[in-house]
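To keep things clear, I will list the structure first and then write my remarks on it.
The values are calculated or read from the model by the stated rules, or taken from the named source; none is laboratory data. These numbers were taken from a predicted model, which means no experiment stands behind them. Every residue, glycine among them, receives a Cβ derived from its backbone with ideal geometry; neighbour counts consider all protein chains shown. Protein only, heavy atoms only, side chains kept; ligands, DNA and RNA dropped before computing areas. Shrake-Rupley method; radii C 1.70, N 1.55, O 1.52, S 1.80 Å.
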Amino acid sequence: MKKLLLALAATSVLAACGKKEEAAPAVPAAPASAPVAAAPAPEVGPLKVAIDPTYEPFTFKSADGQPTGFDVDVANALCEQIKRKCEFVEQVWDSMIPGLNAKKYDVIISSMSITDDRLKEVDFTDKYYNTPSRLVLKKGVKFTDAASIKGKKIGVLKGSTQEKYAMGDLKPAGVIVNSYEAQDQVYLDIKSGRLDGTVADYMEVTGGFLSKPEGAKYELVGPDLKMPQYFGYGAGIALRKGEDQLKGELNEAIKAIRANGTYKTLNDKYFAKYNIDVYGE
(Lines give C-alpha, C1' and ligand atoms only; values in the text may rest on other atoms or scores of the structure.)
Protein backbone atom coordinates (compact mmCIF):
# COMPACT_ATOMS: atom_id res chain seq x y z
CA MET A 1 0.00 0.00 0.00
CA LYS A 2 2.84 2.35 0.87
CA LYS A 3 4.46 1.60 -2.48
CA LEU A 4 1.20 2.30 -4.26
CA LEU A 5 0.87 5.65 -2.58
CA LEU A 6 4.44 6.57 -3.47
CA ALA A 7 3.84 5.64 -7.13
CA LEU A 8 0.71 7.72 -7.32
CA ALA A 9 2.53 10.74 -5.79
CA ALA A 10 5.37 10.41 -8.30
CA THR A 11 2.89 10.27 -11.16
CA SER A 12 1.19 13.45 -9.94
CA VAL A 13 4.51 15.28 -9.71
CA LEU A 14 5.48 14.22 -13.21
CA ALA A 15 2.13 15.30 -14.56
CA ALA A 16 2.44 18.66 -12.91
CA CYS A 17 5.96 19.14 -14.29
CA GLY A 18 4.91 18.26 -17.82
CA LYS A 19 1.94 20.71 -18.03
CA LYS A 20 2.39 23.38 -20.74
CA GLU A 21 1.77 27.03 -19.75
CA GLU A 22 -0.65 28.77 -22.00
CA ALA A 23 0.76 32.01 -23.44
CA ALA A 24 -0.87 35.17 -22.15
CA PRO A 25 -3.13 36.73 -24.74
CA ALA A 26 -1.22 39.21 -26.90
CA VAL A 27 -1.95 42.86 -26.26
CA PRO A 28 -3.21 44.31 -29.53
CA ALA A 29 -0.81 46.87 -31.03
CA ALA A 30 -1.99 50.43 -31.00
CA PRO A 31 -3.13 51.51 -34.47
CA ALA A 32 -0.50 53.51 -36.34
CA SER A 33 -1.20 57.21 -36.35
CA ALA A 34 -2.39 58.49 -39.70
CA PRO A 35 0.15 60.83 -41.35
CA VAL A 36 -0.65 64.47 -40.69
CA ALA A 37 -1.57 66.14 -43.97
CA ALA A 38 0.51 69.21 -44.81
CA ALA A 39 -1.45 72.42 -44.55
CA PRO A 40 -2.38 73.66 -48.04
CA ALA A 41 -0.39 76.66 -49.21
CA PRO A 42 -2.44 79.83 -48.89
CA GLU A 43 -3.99 80.73 -52.21
CA VAL A 44 -2.50 83.90 -53.68
CA GLY A 45 -5.16 86.28 -54.89
CA PRO A 46 -5.11 88.32 -58.09
CA LEU A 47 -2.65 91.14 -58.54
CA LYS A 48 -4.68 94.33 -58.71
CA VAL A 49 -3.12 96.54 -61.37
CA ALA A 50 -4.01 100.23 -61.77
CA ILE A 51 -4.19 101.59 -65.32
CA ASP A 52 -5.21 104.82 -67.01
CA PRO A 53 -6.74 103.53 -70.27
CA THR A 54 -6.39 106.79 -72.21
CA TYR A 55 -2.79 106.37 -73.35
CA GLU A 56 -2.70 104.52 -76.68
CA PRO A 57 -0.78 102.39 -77.63
CA PHE A 58 0.42 101.70 -74.08
CA THR A 59 -2.91 101.52 -72.26
CA PHE A 60 -6.30 101.93 -73.91
CA LYS A 61 -9.59 100.12 -74.48
CA SER A 62 -10.40 97.80 -77.36
CA ALA A 63 -13.61 98.11 -79.36
CA ASP A 64 -15.37 95.80 -76.88
CA GLY A 65 -14.30 97.92 -73.91
CA GLN A 66 -11.53 95.64 -72.65
CA PRO A 67 -8.19 97.10 -71.44
CA THR A 68 -5.41 96.50 -73.92
CA GLY A 69 -2.07 97.90 -75.04
CA PHE A 70 1.61 97.36 -74.37
CA ASP A 71 1.36 98.06 -70.63
CA VAL A 72 -1.57 95.66 -70.27
CA ASP A 73 0.17 92.89 -72.22
CA VAL A 74 3.37 93.35 -70.21
CA ALA A 75 1.35 93.21 -66.98
CA ASN A 76 -0.29 89.93 -68.05
CA ALA A 77 3.09 88.46 -69.01
CA LEU A 78 4.53 89.40 -65.63
CA CYS A 79 1.51 87.97 -63.81
CA GLU A 80 2.03 84.69 -65.67
CA GLN A 81 5.63 84.61 -64.47
CA ILE A 82 4.72 85.14 -60.80
CA LYS A 83 1.72 82.74 -61.01
CA ARG A 84 -0.95 85.33 -60.34
CA LYS A 85 -3.83 86.71 -62.36
CA CYS A 86 -3.92 90.39 -63.26
CA GLU A 87 -7.06 92.26 -62.25
CA PHE A 88 -7.13 95.71 -63.86
CA VAL A 89 -8.47 98.74 -62.01
CA GLU A 90 -9.09 101.95 -63.95
CA GLN A 91 -7.85 105.10 -62.26
CA VAL A 92 -7.56 108.77 -63.20
CA TRP A 93 -3.90 109.56 -63.68
CA ASP A 94 -3.25 112.19 -61.01
CA SER A 95 -4.95 109.97 -58.39
CA MET A 96 -2.79 106.95 -59.19
CA ILE A 97 -0.30 107.22 -56.31
CA PRO A 98 -2.85 108.24 -53.65
CA GLY A 99 -4.96 105.24 -54.70
CA LEU A 100 -1.96 102.91 -54.43
CA ASN A 101 -1.09 104.11 -50.94
CA ALA A 102 -4.75 103.79 -49.94
CA LYS A 103 -4.50 100.09 -50.96
CA LYS A 104 -7.11 100.32 -53.71
CA TYR A 105 -4.75 98.17 -55.81
CA ASP A 106 -1.37 96.48 -55.50
CA VAL A 107 0.70 98.06 -58.27
CA ILE A 108 0.61 100.65 -61.04
CA ILE A 109 1.56 99.39 -64.50
CA SER A 110 0.59 102.33 -66.67
CA SER A 111 3.64 104.03 -68.17
CA MET A 112 4.58 105.69 -64.89
CA SER A 113 8.08 107.15 -65.02
CA ILE A 114 10.47 106.57 -62.15
CA THR A 115 11.25 110.04 -60.79
CA ASP A 116 12.92 111.35 -57.66
CA ASP A 117 9.70 113.05 -56.53
CA ARG A 118 7.63 109.87 -56.91
CA LEU A 119 10.27 107.81 -55.11
CA LYS A 120 9.54 109.88 -52.02
CA GLU A 121 6.01 108.48 -51.97
CA VAL A 122 6.24 104.98 -53.51
CA ASP A 123 8.77 102.37 -54.56
CA PHE A 124 9.49 101.19 -58.11
CA THR A 125 10.75 98.08 -59.84
CA ASP A 126 13.43 98.28 -62.50
CA LYS A 127 12.28 99.98 -65.70
CA TYR A 128 10.36 97.99 -68.28
CA TYR A 129 10.61 100.63 -71.01
CA ASN A 130 12.19 104.01 -71.60
CA THR A 131 11.20 106.32 -74.45
CA PRO A 132 11.73 110.08 -74.73
CA SER A 133 9.02 112.74 -74.77
CA ARG A 134 8.50 115.18 -77.63
CA LEU A 135 6.83 118.50 -78.34
CA VAL A 136 4.11 118.41 -81.01
CA LEU A 137 2.88 121.51 -82.84
CA LYS A 138 0.79 122.32 -85.86
CA LYS A 139 2.76 122.13 -89.09
CA GLY A 140 4.07 125.52 -90.12
CA VAL A 141 4.64 126.81 -86.57
CA LYS A 142 8.27 127.90 -86.33
CA PHE A 143 10.03 126.39 -83.35
CA THR A 144 13.58 127.09 -82.24
CA ASP A 145 13.17 127.15 -78.46
CA ALA A 146 10.49 127.73 -75.83
CA ALA A 147 10.51 131.49 -76.36
CA SER A 148 9.71 131.00 -80.06
CA ILE A 149 6.24 129.66 -79.20
CA LYS A 150 5.33 132.30 -76.64
CA GLY A 151 1.53 132.64 -76.46
CA LYS A 152 0.86 129.19 -77.93
CA LYS A 153 -1.45 126.87 -75.99
CA ILE A 154 -0.05 123.49 -75.04
CA GLY A 155 -2.08 120.67 -73.46
CA VAL A 156 -0.50 118.15 -71.09
CA LEU A 157 -1.61 115.28 -68.89
CA LYS A 158 -2.19 116.41 -65.30
CA GLY A 159 0.34 114.95 -62.88
CA SER A 160 2.64 113.73 -65.68
CA THR A 161 6.34 114.25 -66.27
CA GLN A 162 5.37 116.18 -69.39
CA GLU A 163 3.35 118.60 -67.25
CA LYS A 164 6.35 119.06 -64.98
CA TYR A 165 8.54 119.86 -67.99
CA ALA A 166 5.97 122.25 -69.48
CA MET A 167 5.59 124.11 -66.20
CA GLY A 168 9.35 124.23 -65.69
CA ASP A 169 10.55 125.15 -69.20
CA LEU A 170 7.66 126.30 -71.38
CA LYS A 171 5.45 128.33 -69.06
CA PRO A 172 8.28 130.64 -67.88
CA ALA A 173 8.93 131.45 -71.57
CA GLY A 174 5.32 132.58 -72.05
CA VAL A 175 3.75 129.36 -73.35
CA ILE A 176 0.20 128.78 -72.05
CA VAL A 177 0.01 125.36 -70.41
CA ASN A 178 -3.36 123.64 -69.86
CA SER A 179 -3.54 120.42 -67.84
CA TYR A 180 -6.06 117.64 -68.53
CA GLU A 181 -7.30 114.59 -66.61
CA ALA A 182 -6.57 112.31 -69.58
CA GLN A 183 -4.30 112.45 -72.63
CA ASP A 184 -7.13 111.67 -75.04
CA GLN A 185 -8.84 114.87 -73.85
CA VAL A 186 -5.76 116.78 -74.98
CA TYR A 187 -6.15 115.38 -78.50
CA LEU A 188 -9.83 116.27 -78.58
CA ASP A 189 -8.99 119.90 -77.79
CA ILE A 190 -6.19 119.97 -80.36
CA LYS A 191 -8.63 118.66 -82.95
CA SER A 192 -11.21 121.31 -82.00
CA GLY A 193 -8.63 124.10 -82.30
CA ARG A 194 -8.50 124.99 -78.60
CA LEU A 195 -4.86 123.92 -78.37
CA ASP A 196 -1.80 124.41 -80.57
CA GLY A 197 -0.05 121.23 -79.52
CA THR A 198 1.10 118.98 -76.70
CA VAL A 199 4.07 117.48 -74.94
CA ALA A 200 3.77 113.71 -74.74
CA ASP A 201 5.70 110.46 -74.80
CA TYR A 202 7.18 109.99 -78.27
CA MET A 203 5.60 106.59 -78.90
CA GLU A 204 2.27 107.50 -77.33
CA VAL A 205 1.80 110.69 -79.35
CA THR A 206 2.99 108.93 -82.51
CA GLY A 207 0.71 105.91 -82.12
CA GLY A 208 -2.17 107.65 -80.41
CA PHE A 209 -2.36 110.87 -82.44
CA LEU A 210 0.10 111.61 -85.25
CA SER A 211 -0.56 108.32 -87.05
CA LYS A 212 -4.32 109.02 -87.14
CA PRO A 213 -6.23 111.32 -89.52
CA GLU A 214 -6.74 113.97 -86.83
CA GLY A 215 -2.97 114.23 -86.39
CA ALA A 216 -2.16 114.76 -90.04
CA LYS A 217 -1.65 118.52 -89.67
CA TYR A 218 0.72 118.20 -86.71
CA GLU A 219 4.36 117.20 -86.34
CA LEU A 220 7.15 116.54 -83.86
CA VAL A 221 9.44 119.52 -83.25
CA GLY A 222 12.62 120.03 -81.32
CA PRO A 223 14.90 117.39 -79.77
CA ASP A 224 14.11 114.32 -77.71
CA LEU A 225 13.11 115.36 -74.20
CA LYS A 226 14.62 113.12 -71.54
CA MET A 227 16.06 115.33 -68.81
CA PRO A 228 16.04 113.24 -65.61
CA GLN A 229 14.87 116.15 -63.44
CA TYR A 230 11.63 116.13 -65.42
CA PHE A 231 11.29 112.74 -67.08
CA GLY A 232 13.06 110.42 -64.65
CA TYR A 233 14.66 107.11 -65.49
CA GLY A 234 12.17 105.13 -67.56
CA ALA A 235 8.77 103.60 -66.83
CA GLY A 236 8.63 101.18 -63.91
CA ILE A 237 6.04 99.40 -61.81
CA ALA A 238 5.02 101.43 -58.78
CA LEU A 239 4.45 99.65 -55.46
CA ARG A 240 3.85 100.73 -51.89
CA LYS A 241 7.01 101.13 -49.85
CA GLY A 242 7.97 97.98 -47.96
CA GLU A 243 6.64 95.54 -50.58
CA ASP A 244 10.12 94.08 -51.05
CA GLN A 245 9.07 90.50 -51.81
CA LEU A 246 6.65 91.55 -54.55
CA LYS A 247 9.21 93.99 -55.94
CA GLY A 248 11.81 91.20 -56.13
CA GLU A 249 9.36 88.84 -57.86
CA LEU A 250 8.44 91.47 -60.44
CA ASN A 251 12.07 92.39 -61.12
CA GLU A 252 12.84 88.72 -61.77
CA ALA A 253 9.76 88.51 -63.99
CA ILE A 254 10.92 91.52 -66.04
CA LYS A 255 14.29 89.81 -66.55
CA ALA A 256 12.53 86.56 -67.50
CA ILE A 257 10.31 88.04 -70.21
CA ARG A 258 13.29 89.94 -71.59
CA ALA A 259 15.29 86.69 -71.76
CA ASN A 260 12.61 84.32 -73.08
CA GLY A 261 11.50 86.44 -76.05
CA THR A 262 8.11 87.51 -74.67
CA TYR A 263 9.16 91.14 -74.37
CA LYS A 264 10.39 91.28 -77.97
CA THR A 265 7.12 89.75 -79.19
CA LEU A 266 5.12 92.44 -77.37
CA ASN A 267 7.47 95.20 -78.51
CA ASP A 268 7.10 94.09 -82.13
CA LYS A 269 3.32 93.77 -81.80
CA TYR A 270 3.00 97.49 -81.07
CA PHE A 271 6.18 99.13 -82.31
CA ALA A 272 7.76 97.10 -85.13
CA LYS A 273 6.40 99.55 -87.71
CA TYR A 274 8.39 102.30 -86.00
CA ASN A 275 11.57 100.18 -85.92
CA ILE A 276 12.14 100.84 -82.21
CA ASP A 277 12.93 98.83 -79.09
CA VAL A 278 11.04 100.71 -76.40
CA TYR A 279 13.19 99.19 -73.65
CA GLY A 280 15.56 102.02 -74.52
CA GLU A 281 18.92 102.92 -73.08
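Descriptive notes on the structure:
- For the stretch 113-128, backbone nitrogen atoms closer than 19 Å to the point 7 Å from Asp224 Cα along Cα-to-C-beta are found at 113-115, 127-128.
- Rolling a 1.4 angstrom probe over the protein heavy atoms with all chains in place gives the stretch 145-224 an accessible area of 43 Å² per residue.
- Here the gap between Ser148 and Asp244, fully extended at 0.36 nm per residue and compared with their Cα-Cα distance, gives a gain of 29.9 nm.
- Computed extension length for Arg258-Asp189: 21.1 nm, one decimal, from 0.36 nm per residue of separation with the Cα-Cα distance subtracted.
- Here the spin labels are modelled as points 7 Å beyond Cα on the Cα-Cβ line, and at Ile82 and Asp117 they lie 2.7 nm apart.
- Full extension of the chain between Ser95 and Asp126 gives 8.9 nm of extra length, using 0.36 nm per residue less the Cα-Cα distance.
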